[in-house]
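Derivation of every value follows stated rules applied to the coordinates shown; laboratory data play no part. Remember, predicted model here, so these are calculated numbers, not experimental data. As a convention, Cβ positions derive from the backbone with ideal geometry for all residues, glycine included, and neighbour counts pool all protein chains shown.
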Amino acid sequence: MHELSIAESLITIIGEEMTRHGLKKLLLVKVVTGQISAIVPEALETAFEVLTLDTHLAGAKIEVEVKPMKVRCRQCGHEFSPSHEERILMPCPECSTELGHAIISGRELYIEHIEAE
Ligand SMILES: [Zn+2]
């Protein structure tokens with residue numbers, strides 16, 4: 001379950017960020033993750049809640065937003081987001097090429113913002 005180690009790094013980063021700004025109480029953290037980053041939002045939320053239980057971050061809300069994958073067609077350069085059913089073969093809506101597209105986004109993982117006081 002790699003969400004646990006991801007939650008650990010998030011907590012470290014958030015802790016450093018709060019110290020730097022003199023903040024004491026974490027209210028909300030919003031995390032953005034790509035569709036193909038293999039992160040299960042519920043698992044990450046649970047891991048975060050469990051790991052912060054007895055810390056000064058306890059009680060903070062975590063929101064995980066999943067961004068769709070985006071690819072650029074190998075043949076015609078058209079950019080599109082394949083639907084979930086099209087994850088293996090990804091037919092381009094412009095020219096129907098199915099294979100070899102470049103992945104532009106979908107693997108990202110970052111903290112979009114935190115609310116603290
Ligand atoms: Zn195309």
message = Among the residues that make up the range 57-78, is at least one of them more than 18 Å from I111 (Cβ to Cβ), among the β-branched types (V, I, T), surrounded by fewer than 16 Cβ atoms within 10 Å (Cβ to Cβ) and out of contact with any Cys (no Cβ under 6 Å at 6 or more places or on another chain)?
response = no
request  = Go through (1) over 15 Å from A7 (Cβ atoms); (2) out of contact with any Pro (no Cβ under 8 Å at 6 or more places or on another chain); (3) away from the ligand (no atom under 16 Å from the Cβ) one by one and return the number of the condition V66 breaks.
outcome  = (2)
